[in-house]
Amino acid sequence: MYSSEERELYFISLVNKLKQSVSIEGIIQLGSGVTGYRDKYSDIDLMVSTAVAVESAKEIIIQTLEELGSFFIKEVTLQEGIYLLIAFLKNGLELNVSVLATNDLNVKSPLWKIVFDRSGLVERKMIDEHRQFIEKPIKYKIDNDIVFKFLYFRKKCNIEVKRNNIIYALQMLEEMRKLTLIVQAFNEEKKLHQFKAYETLESNFINSFLDTYPKNTTKEAVIESADEIKDLFFFILKESPFKPNDENYHLLMNE
């Protein structure tokens, strides 16, 4: 396991190495590292922009990650012309580096900081993107079908319990839980993009959410858990913009 001092050294080294390439126009730090890392297990998240071909910049970043000692690098295509490189060092440190054209820079969270800007274009682009992000009345995409999805998973859960297919019923129960967490995170204006800091949610919600887990895997316990998570879901739904848009939803609720 790496120390916070080691993580900082790798961060500085990575930034300094990337700055040496004229293909790299800007480097932006993302996530908890912007305000102070969440804990000793936090990884390094960067967004790198380029004014040349993204493929060329990507290869430079891969080479740099290898020079730092990365033994495994996974390349993910987020969308056309935008890539994510997930690298691991032998000490367990994870480095996530997205690469894209400067014109495609975006803001998906308030947590970002420019650590290198070759010409000033990156700062202007990010400030403009941040302004648009802040001015959005709804900053994160709303799934208008979230209520239907929840009720559908509940219906499937009940059916599979009756079939004595407890494993699949538990899978449907987990889908209901995921949607419940999304609604609560949205209500608390959390960073929905890659949000996983569930321990930061309101303590009353956390306690209520944990209380809905089945005490065992009997049919009765799974049904009781499904009813409890349904009650919690519709309770927090009152404070959210996720409203049922079909008058027949109440029929599904009672199944």
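Here are some notes:
- Label-reachable residues, the range 151-168, where backbone N falls under 17 Å from a point 7 Å from residue 220's Cα toward its Cβ: 161-162, 164
- Length gained on full extension, residue 210 to residue 132, computed as 0.36 nm times the residue gap minus the Cα-Cα distance: 24.4 nm.
- Segment residue 231-residue 189, length gained on full extension (0.36 nm per residue, minus Cα span): 13.0 nm
- Size of electric dipole in the chain: Cβ of Lys, Arg +1 and of Asp, Glu -1, about Cα centre, debye, nearest 20: 160 debye
- Subtracting the Cα-Cα distance of residue 80 and residue 203 from their residue separation scaled by 0.36 nm leaves 40.3 nm.
- At R0 = 35 Å, FRET efficiency that the Cβ-Cβ distance of residue 68 and residue 145 yields, to 0.05: 0.20
- Cα-based helix-to-principal-axis angle, 219-237 vs the chain, degrees rounded to 10: 60 degrees
- Accessible surface for the range 113-255, divided over its residues, is 62 Å² per residue with a 1.4 Å probe.
- Inter-site label distance for residue 101 and residue 162 at 7 Å from Cα along Cβ, in nm: 5.5 nm
- Using a cut-off of 28 Å between Cα atoms, the listed pairs 162/190; 74/108; 40/136; 149/215; 40/149; 108/155 include 162/190; 40/136; 40/149; 108/155 as exceeding that distance.
The values are calculated or read from the model by the stated rules, or taken from the named source; none is laboratory data. Computed from a prediction, not measured in an experiment: that's the story for all the values here. Cβ sites come from the backbone with ideal geometry, for glycine too, and all protein chains shown count toward neighbours. For the accessible areas, the whole protein counts, side chains as well, though only heavy atoms, and no ligand, DNA or RNA atoms are used. Shrake-Rupley method; radii C 1.70, N 1.55, O 1.52, S 1.80 Å.
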